[in-house]
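The values are calculated or read from the model by the stated rules, or taken from the named source; none is laboratory data. Just so it is clear, the structure is predicted and the values come from calculations on it, not from any experiment. Methodologically, a virtual Cβ is constructed for each residue, glycine included, from the backbone with ideal geometry; neighbour enumeration extends over all protein chains shown. Please note that ligands, DNA and RNA were not included when accessible areas were found on the heavy atoms of the full protein model with its side chains. Shrake-Rupley method; radii C 1.70, N 1.55, O 1.52, S 1.80 Å.
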Amino acid sequence: MKPEHVAIVTTSFPERAGDPAGHFVATEAVTLAKAGHRVTVIAPGSNREFDGLRVIGVGAGSSFGWPGALTIMRSRPHRALGAAAFVARARRELRSLPCDRVIAHWLVPSGWPIATAASIPLEVVAHGSDVRLLCRLPTALRHHVVSRLLARRARVRCVSDELRDELVACDARLAGQISVDPAPIDTSHAPDRPRARRLLGLPKAARLIVIAGRLVLSKRVHVALTAAELIPNAIVVVIGDGPEASTLAESHPDAHFPGLVPRDHALTWISAADLVLSASRIEGAPTVLREARALGVPVVSTAAGDLERWARSDGEIWVVD
């Protein structure tokens with residue numbers, strides 16, 4: 001493919017090395033750059049360089065970031081003002097950027113109304129929460145958003161077959177525009193299991209169960225913890241943070257809560273695990289579980305996204321009710 005100048009618009013992107021925010025977006029951006037493309041990222045935060053990429057920081061107050069924009073704005077609705085300011089500034093930055101195509105991560109607001117304001121070829125990546133948000137919009141607004149995407153001939157990339165089906169059920173007009181491709185992951189810097197265990201000071205015989213993600217109600221971390229406690233003599237570690245952190249720690253005092261750790265540290269915990277556990281039902285292509293399998297770690301999860309399909313060809317993915 002001929003080298004291009006690619007703009008990536010996203011509401012989540014690492015501020016610094018090790019920041020887990022939007023790491024899958026960063027992986028895609030770095031992969032494109034390594035393929036010879038020039039990549040410019042438009043994201044919340046300050047102007048910065050990340051792994052050789054130029055990031056145009058668009059101030060958004062504290063509307064975006066961990067544990068997710070929807071969670072933040074549900075608890076503090078006034079922060080929607082910062083999100084509106086981000087949209088306006090990001091649109092201006094994108095229109096002034098001389099690039100060949102744009103990739104927008106999340107249908108709303110990166111796809112619409114930000115990226116639809118430009119006139120260059122557009123690809124929108126749907127991750128899950130954005131599909132559900134679109135489907136919950138008032139009918140007139142939802143119709144308008146989809147119409148704008150169709151008018152721009154946007155290609156929509158879903159990270160799972162399940163999300164594609166949800167999106168088509170939401171508006172059948174998108175059926176011909178959708179492809180399915182899980183977000184890229186990179187576990188190349190993770191230590192192998194023996195080294196990970198040495199780094200964490202874990203005994204060789206220790207049973208380690210890892211749960212990782214945003215600590216919000218919809219992730220059902222309390223269900224995963226209750227299941228983990230059924231395994232005798234297991235060390236249970238919950239990686240991540242969010243509004244449910246204190247409640248979970250109080251309800252499950254035997255579990256360990258390191259909090260939101262740098263990305264390489266999170267991968268070290270996953271690599272060291274005997275099992276990665278998830279009870280979330282709202283995933284598209286669960287990144288943590290994909291990373292676990294890339295590192296050879298078995299996973300147990302409730303049915304979510306394409307997990308049941310993956311389990312048919314991977315004997316170390318167990319999907320349970």
Is it the case that the stretch 205-220 has a residue that's out of contact with any Asp or Glu (no Cβ under 9 Å at 6 or more places or on another chain), without any contact (Cβ under 8 Å) to a residue 12 or more places away in the chain, in a helix (DSSP H, G or I) and not aliphatic (A, V, I, L, M)?
no
Considering only the stretch 102-125, how many residues are assigned to a strand (DSSP E or B) and not small (Gly, Ala, Ser)?
7
With the first residue restricted to the stretch 230-243 and required to be surrounded by 17 or more Cβ atoms within 10 Å (Cβ to Cβ), and the second required to be part of a strand (DSSP E or B) and basic (Lys, Arg), Cβ contacts under 7 Å at 6 or more apart or on different chains are 234/207; 235/207
Note down all Cβ pairs under 9 Å where the first residue falls in the stretch 258-272 and is touching a residue at least 12 places away in the same chain (Cβ under 8 Å) and more than 15 Å from residue 287 (Cα to Cα), the second is hydroxyl-bearing (Ser, Thr, Tyr) and outside any strand (DSSP E or B), and they're at least six residues apart or on different chains.
261/268
Quick check on the stretch 67-101: of everything there that is open to solvent by 90 Å² or more (accessible area, probe 1.4 Å) and in a loop (DSSP other than H, G, I, E, B), which residue is modelled with the lowest pLDDT?
76
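Would you mind finding the one in 88, 154 that is among the hydrophobic types (A, V, I, L, M, F, W, C) and closer than 20 Å to residue 178 by Cα?
Numbers: 88 fails: closer than 20 Å to residue 178 by Cα.
It is 154.
Of the residues 289, 260, 307, which is surrounded by 17 or more Cβ atoms within 10 Å (Cβ to Cβ), in contact with a Phe, Trp or Tyr (Cβ under 7 Å, 6 or more places away or on another chain) and not aromatic (Phe, Trp, Tyr)?
Testing whether each residue is surrounded by 17 or more Cβ atoms within 10 Å (Cβ to Cβ), in contact with a Phe, Trp or Tyr (Cβ under 7 Å, 6 or more places away or on another chain) and not aromatic (Phe, Trp, Tyr) leaves just 260.
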Verdict on residue 173 being open to solvent by 60 Å² or more (accessible area, probe 1.4 Å), closer than 27 Å to residue 38 by Cα, basic (Lys, Arg) and not in a strand (DSSP E or B)
no
Residue within the stretch 126-135 that is out of contact with any strand residue (DSSP E or B) (no Cβ under 6 Å at 6 or more places or on another chain), modelled with pLDDT of 90 or more, of a type in the set (A, V, I, L, M) and open to solvent by less than 10 Å² (accessible area, probe 1.4 Å) present
yes
Please go through (1) in contact with a helix residue (DSSP H, G or I) (Cβ under 7 Å, 6 or more places away or on another chain); (2) buried (at least 18 other Cβ atoms within 10 Å of the Cβ); (3) part of a helix (DSSP H, G or I) for residue 183 and return the number of the only condition it doesn't satisfy.
(3)
Out of curiosity, is residue 197 of a type in the set (Lys, Arg), farther than 21 Å from residue 265 by Cα and open to solvent by less than 50 Å² (accessible area, probe 1.4 Å)?
no
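I'd like the full set of residues that are in a loop (DSSP other than H, G, I, E, B) and more than 14 Å from the chain's Cα centre (by Cα), limited to the stretch 126-160.
So the first thing to find is which residues in the stretch 126-160 are in a loop (DSSP other than H, G, I, E, B), and the list is 127-128, 137-138, 152-154, 159-160.
Within the stretch 126-160, 137, 138, 152, 153, 154 meet the criteria.
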